[in-house]
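Take a look at the structure set out below.
Computed from the coordinates by the stated procedures, all read-outs in this text should not be read as laboratory data. Computed from a predicted model, the values in this text were never measured in an experiment. Cβ placement follows ideal geometry from the backbone for every residue including glycine, while neighbour counts extend to all protein chains displayed.
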Amino acid sequence: MDVEMQQSPPPLPADNEPKYGGFSRFEIELEFVQSLANPFYLNHLASQKLLNEPAFVAYLSYLRYWTRPPYLKYLIYPGPTLKHLELLQEERFRQEIISPELVYALAAEGAKAAVEWHRE
């Protein structure tokens, strides 16, 4: 069963935008997409079987709008966020992220990149 997200990305924040629990749709989606930078969170999503749900996979595809301006500039950790968002588009990765070995490899890769970035 294919599920497609037909909604467009949220508009950039405005004062009159509806709030959900005190936050705009933009803020909620920004918070969620940035959480994808954490490989342990990806493992949690896999353990909850969310990465097997067609609607959730469609939502991950919809979130790809964060790869383009003007949204891109709001990401605090664009490297790992966008890398993991792209990897999540692949079914094989969604199945393999349940593996602790992959989670720790991604975490080590992220830590190494952070150290190298600070050295520059």
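Quick rundown of the values:
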| item | result |
| --- | --- |
| Kyte-Doolittle at least 0.0, axis length at least 20 Å by Cα - qualifying DSSP helices, the chain | 100-119 |
| Ascending count of other beta-carbon atoms within 10 Å, so fewest first, for Phe32, Phe56 | Phe32, Phe56 |
| Aspartates and glutamates with Cα under 15 Å of Lys49, excluding same-chain neighbours fewer than 8 positions away | Glu91, Glu96 |
| Cα→Cβ-extended label distance, 7 Å offset, between Lys49 and Tyr74, nm | 3.3 nm |
| The chain, Rg to Rh (Cα coordinates; Rh as Kirkwood inverse mean 1/r) | 0.99 |
| Straight-distance crosslink candidates among lysines, where the alpha carbon sits under 16 Å from Lys83 and sequence neighbours closer than 8 are dropped | Lys73, Lys112 |
| Reach of Lys19 by Cα under 17 Å, taken over aspartates and glutamates that are not fewer than 8 positions away in the same chain | Glu27, Glu29, Glu31 |
| The chain, helix-only ellipticity at 222 nm - DSSP H runs n ≥ 4, -39,500 (n - 2.57), divided by all residues, nearest 500 | -16500 deg cm²/dmol |
